[in-house]
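Asks: Below is the structure I would like to discuss, written out as structure tokens.
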Amino acid sequence: MRASTTSWRPAAPPDWDDALFAVDGHFLQSSHWFAFQTALDRPTFFGRGDGWSCAAYLEAGGARLYAPYGPTVTGPGGLGGALAALVELAGEVGAERVRVEPFGAESDPAAELTGRGFQRNPKDYQPSLTWVRNLRCTREELLRGMYKANRQRYRTAANRGLSFHTSTDPADVDVFVEMVHVVAERTGITPHRDDYYRTMARAMMPRGAMTLYLAEHEQQPVAGVLVFDSPTVRYTVHSGSFPVARKLHAASPLRTQIMLDAHAAGQRWLDFWGVAPPDQPEHRWAGFTRFKQSFGGDYLRYAGTWELARA
């Protein structure tokens, strides 16, 4: 018997994003993120059933069906129905594994997942712990909720020759890619390939879903942040900088501007993306976790990454 779902579609229905964001679904389940996956030549699938919706794509050469921060669960029994539908879809397209990161209303997702043969990944694919700032307050309350040093650096940024600009021109991502290379050389991290950022920009900037924020010193870019936007949440996802940005303390006021713009736009949350667990002070993310926490906020934990190997 086929799982209780509409037929899987290769493109998002016209009302997909409105329905997703109405139930506080994650941006990575939106048509915007999946336009990027399509641009990466990954086959995509959109499905709905009783108490759930899910967007998934094939990766690893078609060997794995992946639902980033999905399925979105909206009602009792929704997770079970979504998992059954995904496993069936995996069989139809020949995927050997199913990877999910359930999101939404479910009293005990772990029980449902393990009961259906899914196992918790030792390492999350998307972060299962993030740091969020509630924007439903006044502008002054936002500023007071930050560390004093952040407030001072924002208020004195112009005195240091700093200004902040936004761009939705995909060509402007080239300077951000340069910044990422500089950070990678300094820290030893392995960034995404250059075309990953460029393709992302070409796919999502024209949709109004992605913006490049730049801090400039005397009209020269020194730091940048890529943000994603839903109607209610702004996500700060990727960042980069040139060495002079540290001397100018450009990163903090740039993030402050990003937060204040989201507040002015009526968004409810700023999601700083992944952070280190509070009980792991030596975690490799500990440094930038402290930086994110300096803007005020709270931890938000997700269900994490789970996988099923099909027999």
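The values are calculated or read from the model by the stated rules, or taken from the named source; none is laboratory data. Not measured: the values here are computed from a predicted model. When we count neighbours, we look across all protein chains shown, and the Cβ atoms used for this are built from the backbone with ideal geometry, even at glycine. These accessible areas exclude ligands, DNA and RNA; they are computed on the full protein's heavy atoms, side chains included. Shrake-Rupley method; radii C 1.70, N 1.55, O 1.52, S 1.80 Å.
Asks: State the number of residues belonging to the range 100-124 that are open to solvent by 20 Å² or more (accessible area, probe 1.4 Å) and under 23 Å from P10 (Cα atoms).
Replies: The total comes to 1.
Asks: Touching a Leu at 6+ places or on another chain (Cβ under 9 Å) and surrounded by fewer than 22 Cβ atoms within 10 Å (Cβ to Cβ): which single residue out of E59, E88 fits that description?
Replies: E59 is the lone residue from the list that is touching a Leu at 6+ places or on another chain (Cβ under 9 Å) and surrounded by fewer than 22 Cβ atoms within 10 Å (Cβ to Cβ).
Asks: Okay, next question. Would the range 13-35 turn up any residue that is more than 28 Å from W269 (Cα to Cα), in contact with a Ser or Thr (Cβ under 9 Å, 6 or more places away or on another chain), part of a loop (DSSP other than H, G, I, E, B) and of a type outside the set (V, I, T)?
Replies: The answer is no, given that none of the residues of the range 13-35 is more than 28 Å from W269 (Cα to Cα), in contact with a Ser or Thr (Cβ under 9 Å, 6 or more places away or on another chain), part of a loop (DSSP other than H, G, I, E, B) and of a type outside the set (V, I, T).
Asks: Hey, could you check the range 204-216 for residues that are in a helix (DSSP H, G or I) and open to solvent by less than 20 Å² (accessible area, probe 1.4 Å) and say which is farthest from F34 (Cα to Cα)?
Replies: M205
Asks: Which one of T156, T130 is open to solvent by less than 80 Å² (accessible area, probe 1.4 Å), free of Cβ contacts under 8 Å to residues at least 60 places away in the same chain and not charged (D, E, K, R)?
Replies: Answer to the selection: T156.
Asks: Moving on to the next point. Output the residue which, of all residues in the range 62-73 that are modelled with pLDDT of 95 or more and not in a strand (DSSP E or B), is surrounded by the most Cβ atoms within 10 Å (Cβ to Cβ).
Replies: P71
Asks: Would it be correct to say that Y57 is in contact (Cβ under 8 Å) with a residue 24 or more places away in the chain and among the hydroxyl-bearing types (S, T, Y)?
Replies: When the stated conditions are applied, Y57 does not pass them.
Asks: Consider A82 carefully, then state whether it is within 20 Å of Y125 (Cβ to Cβ), assigned to a helix (DSSP H, G or I) and modelled with pLDDT of 95 or more.
Replies: Taking the combined requirement at face value, the residue satisfies it.
Asks: Tell me which residues, restricted to the range 205-218, are touching a strand residue (DSSP E or B) at 6+ places or on another chain (Cβ under 8 Å) and without any contact (Cβ under 8 Å) to a residue 40 or more places away in the chain.
Replies: M205
Asks: Looking at F21, F45, which one is under 30 Å from D194 (Cβ atoms) and either surrounded by fewer than 21 Cβ atoms within 10 Å (Cβ to Cβ) or not charged (D, E, K, R) (or both)?
Replies: Of F21, F45, the one residue that is under 30 Å from D194 (Cβ atoms) and either surrounded by fewer than 21 Cβ atoms within 10 Å (Cβ to Cβ) or not charged (D, E, K, R) (or both) is F45.
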